[in-house]
Amino acid sequence: MTPITLERAAYAPESVAGVYAAAADDVVVEMSRSGRLLVPMRPTIQAIEGWLFVEQTVEDTWVRIDFDAMSFTTGWARADRALRGQTGLDVANYGLIRFESAGWVRLREDRFSVTGDVYLRDISVPITMDVRLVKGDRDSMRFVARATVSGRELCQSLDAAPAVGWMRPIDRIAVLAGIRFTRTDAEDRS
C-alpha cells in the first residue's frame, strides 16, 4: 500500500460521484486503549473489502467496510483468545465485523463527521468518526478516520465479561484508520 501523505484535499461530490472499492490491503486500522494499561497493546484488524458510494450531495454518501473477525489481534495470545472467544466477539459463530455509515456531515472542505454502526456478533454499536479527506479525484479517494469508543458501552453491548481480552469497561478505545478507495464504476459522470 502506498503511504498516505497528508495534503489538503478538496471535495466536490459532483465531480467525483461514483462507486469506489477498497481491497483488504487498502485499509489499515489500529486501535489503542486508555485506562489501566497493564499490558501495552495496539490491536489491529484486517479488512476484507470496502465500498464507498459518493453521491451528488455529501449527506447521501455512504460507506461500508467488512472486516475478518478472526484477524482481530492484540499481539498477546491470552488476550486474543478471550477477545475472539464466546464471551467476546464469538468469531466461531460471527466471522464478520462490519462498519456501515448512516450519515455524513461536512465540517470543512476536507473534514466530515460520519456516523454509523459497527456490527459485532448480532448487535450494533453506534460510532461517530472524524474523517479527513486526504486525496480525492475521479480515480481514487483517500481518507483518515478517528473515533473513540467507550469500553463500558462496548462491554454492555456485547454482554461481555468485565474484561474481554484487552479491553475493560473503564477503558476508552481510540480507533485510527487509513483507507484508499479506487473508482470501480464504468459510468462516465463528467
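What follows is calculated from the coordinates using simple rules that are stated; it is not laboratory data. This one's a predicted model, so the numbers in the text were calculated from it and none came from an experiment. Glycine gets a Cβ as well: all are built from the backbone with ideal geometry, and neighbour counts include every protein chain shown.
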Under the Karplus curve 6.51 cos²θ - 1.76 cosθ + 1.60, θ = phi - 60°, whole-Hz ³J(HN,Hα) for the stretch 176-183, x wherever Gly or Pro sits: 10, 10, x, 9, 10, 9, 10, 4
Backbone HN-Hα couplings from phi across the stretch 80-85 [Karplus 6.51/-1.76/1.60, Hz, Gly and Pro as x]: 5, 4, 5, 4, 8, x
DSSP-loop chymotrypsin sites (Phe, Trp or Tyr not before Pro) across the stretch 76-121, with at most 15 other Cβ within 10 angstrom: 94
Net lengthening on full extension, residue 106/residue 53 (0.36 nm per residue, minus Cα-Cα): 17.5 nm
Rough spin-label spacing in nm, given labels placed 7 Å along Cα→Cβ, for residue 148 and residue 64: 3.1 nm
The stretch 39-140, relative contact order [Cα under 8 Å, separation at least 6], %: 20 percent
Sequence-distant residues sharing a close amide H with residue 72 (under 5 Å, placed H): 46
